[in-house]
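Here is the structure we will look at, set down as structure tokens.
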Amino acid sequence: MRTSTAFFAGAGTVAIAVAAGLGAGLVIAEGMNPKAPALESTRLERAAPAAPSPSPTATSYLAATQAAATAPIKVTPAQAEPVPEPSAAPASAPAVTAQDAATENAPAQAQEKTAEKAPDPDLTAREAERKRAAEQRRAERHRQVAERRRQRREQDLRAVEQAVRENSMPRAYAAQPVDMDAPRFRLFGDD
């Protein structure tokens, strides 16, 4: 019974291995040389209608761009500002116009804009210090992890070394040989 079971287990294993090998070979061959191109379509493609419906936004967009592209561009010359005539105001009191006031405020506005854009030196120094401290903490954590790994490795090596020493120490065997009552065959006399 045991022999027939072993035979059928071995023959079954061989048959399964051969079938798996042939199946894998056919799959690879089909992948490299397909017989017909597979028509793969997703569920969305199958559910979609054959003719797309016209979109009203697309046509309005196209009409607007085509109108802008084909219409001629009309350029009108800029109108020059009238130059004010000097009035009869007294010479000691200069006339302040809106344009003069705007030019006086321009440097102040430019300074405000550059002040807003320019980084605060204290803020940049604090940011640099914060980054440096974070980098130091990260480096310290890295050193601690490396030290723990080194200690763990040394402990493992010591444990292996101790196990090897225990296994390789000479063992104390019984000092007297054990007598076994077994028949002795003496072929060439009493030796």
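The values are calculated or read from the model by the stated rules, or taken from the named source; none is laboratory data. This is a predicted model, so every value here is computed, not measured. Please note: Cβ atoms are built from the backbone with ideal geometry, for glycine as well, and neighbour counts cover all protein chains shown. Note: accessible area is taken over every heavy atom of the protein model, side chains too, but ligands, DNA and RNA are not part of it. Shrake-Rupley method; radii C 1.70, N 1.55, O 1.52, S 1.80 Å.
Once all protein chains are placed together, VAL75 keeps about 130 Å² accessible to a 1.4 angstrom probe. Listed values for segment 160-165 are Karplus-derived 3J(HN,Hα) couplings in whole Hz (6.51 cos²θ - 1.76 cosθ + 1.60, θ = phi - 60°), namely 5, 4, 5, 5, 5, 4, and x replaces Gly and Pro.
Accessible surface for MET169 stands near 120 Å², nearest 10, in the context of the full protein assembly shown (1.4 Å probe). Working ranking of peptides 151-159, 181-189 by packing, defined as the average number of other Cβ atoms within 10 Å per residue, highest first, is 151-159, 181-189.
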